[in-house]
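Read the figures in this text as sums done on the coordinates, not as results from a lab. Everything numeric here is computed off the predicted structure, so don't read it as measured data.
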């Protein structure tokens, strides 16, 4: 099954937030010493907070429709600003604020599943 490609009607607004999600195994010892190691090969997952501040309702619904179709668990491809190669993502958190202009926010989490 080929994955969908996310192509929003416009680039996200300035202020995109990047926050890693780091998964470590930790063993705490009685004297305050902690020994840590990565939990798997991809123990650092990129989490991106996107914001579109100036959308028409139709543009906001286009983004929302794509994310609803992915169901929060189906990965899709998206190329971050400044990168040449798309990465796989999932998105289970988004919100749409109606008005003129509309505002849309979404949080993408990097996906490491082997399905492509």
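Evaluate the relative contact order of the chain (contact order divided by residue number), counting alpha-carbon pairs under 8 angstrom at least 6 apart; express in whole percent.
29
Calculate, in nm to one decimal, what residue 46 and residue 100 gain on full extension: separation in residues at 0.36 nm each, minus their alpha carbon distance.
Numbers: separation 54, 0.36 × 54 = 19.44 nm, distance 3.15 nm.
Contour length minus Cα-Cα distance gives 16.3 nm.
Restricting to Cα pairs below 8 Å that are 6+ residues apart, what does the relative contact order work out to for the stretch 32-99? Please round to a whole percent.
24
Restricting to the chain, compute how many DSSP beta bridges are antiparallel as a %, nearest 5.
95
Averaging over every viewing direction, what projected area does the convex hull of the Cα atoms of the chain cover, in nm²?
9.3
Please give the contour-minus-distance gain from residue 56 to residue 73: 0.36 nm per residue of separation, less the Cα-Cα distance, rounded to one decimal in nm. The partial results should precede the final answer.
Numbers: separation 17, 0.36 × 17 = 6.12 nm, distance 2.66 nm.
Full extension from residue 56 to residue 73 adds 3.5 nm.
Between 0 and 90 degrees, rounded to the nearest ten: what's the tilt of helix 57-70 against the longest Cα principal axis of the chain?
Taking the Cα atoms of the chain, the angle to 57-70 is about 40 degrees.
Using Cα springs under 10 Å in a Gaussian network model of the chain, which residue among 54, 33, 78 shows the largest mean-square fluctuation?
33
Could you tell me how far the Cα centroid of the stretch 32-65 sits from the Cα centroid of the stretch 11-27, in Å?
Taking the Cα centre of each part, the stretch 11-27 and the stretch 32-65 sit 6 Å apart.
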